[in-house]
Amino acid sequence: MKESRGLRPMLALNAVLTAGLLWTIVMGGPTILPAADAAPQYRSTRASTPPSEAVTGVGNAPARQRDRMIKSLDAIEKRLAAVEQKLTSGSTKVQVSNLQDLAIDYDRLATAIRDGQR
């Protein structure tokens, strides 16, 4: 019976707090937190370069990220073109110094194939 003596005051306190919360909601009192307003968003147009407001501001982070990605892709494309130029020009020299390590052991290969088919 001692357990129920502590339970009743807790239930009463819970009921009082719930009633106070409902009263606050129903009566439309001031909220605890202030309202938050979002920053204005830049709406993209079909222009080739974004206006200056698209590159600054909190709400325009996607436009800045897209601009950084385009610049990074341009840099990668230039580096890839340089590598391709070097490979196609014939000035690349390849030297294999570990030919013994690359030799194929055909007996081990045949055994592995036979074991894999079982």
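Name the residues in segment 92-118 that are surrounded by 10 or more Cβ atoms within 10 Å (Cβ to Cβ) and hydrophobic (A, V, I, L, M, F, W, C), would you? Passing the criteria: L109, A110, A112.
Could you pull out the residue among R46, R66 that is among the charged types (D, E, K, R) and modelled with pLDDT under 70?
Working: R66 fails: modelled with pLDDT under 70.
Sole residue among the options that is among the charged types (D, E, K, R) and modelled with pLDDT under 70: R46.
Checking each residue of segment 70-86 against the condition of being under 30 Å from A36 (Cβ atoms) and assigned to a helix (DSSP H, G or I) gives no match.
The values are calculated or read from the model by the stated rules, or taken from the named source; none is laboratory data. Treat the numbers as computed from the prediction; the structure is a model and nothing was measured. Counting neighbours? That spans all protein chains shown, and the Cβs are built from the backbone with ideal geometry, glycine included.
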